[in-house]
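Structure first, commentary second.
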Amino acid sequence: VYDRSGGMYAARAWWMLRWLGHREVALLDGGWPAWLAAGGAASTEPPIPPMPARYEPAPPLVETVDAGIVLSGLG
């Protein structure tokens, strides 16, 4: 996942996908410019998936907490 906003949206998308149980998700450290500088492949052609994708949400891989849990950990 990458974005043009310093990673703010990419990080949120990464967290949300992990929360949905998706294991195969990663962030590009340094974004698109770092990918290109490292010799990463680029194309303007839309990708053609080998078959239609079907994803069933799995149990969350990331624990959620509320304000009470955060506050209890401060004391």
Identify the single condition in (1) farther than 15 Å from P60 by Cβ; (2) over 9 Å from the mean Cα position of the chain (by Cα) that A10 does not satisfy, given that it satisfies every other one.
(2)
Y9 meets each of (1) modelled with pLDDT of 85 or more; (2) part of a loop (DSSP other than H, G, I, E, B) with one exception, condition (2)
So if I check each of G68, G75, which one is open to solvent by less than 90 Å² (accessible area, probe 1.4 Å) and of a type outside the set (D, E, K, R)?
G68
Could you list all residues from region 31-75 that are closer than 25 Å to R4 by Cα and either among the charged types (D, E, K, R) or not in a loop (DSSP other than H, G, I, E, B) (or both)?
G31, W32, P33, A34, W35, L36, A37, E45
Going residue by residue through region 21-30, is there one that turns out to be without any contact (Cβ under 8 Å) to a residue 12 or more places away in the chain, in a helix (DSSP H, G or I) and either of a type in the set (S, T, N, Q) or surrounded by 10 or more Cβ atoms within 10 Å (Cβ to Cβ) (or both)?
no
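The values are calculated or read from the model by the stated rules, or taken from the named source; none is laboratory data. Because the structure is a prediction, the values reported are computed rather than measured. So basically every Cβ, Gly included, is an ideal-geometry build from the backbone, and we count neighbours across all protein chains shown. Protein only, heavy atoms only, side chains kept; ligands, DNA and RNA dropped before computing areas. Shrake-Rupley method; radii C 1.70, N 1.55, O 1.52, S 1.80 Å.
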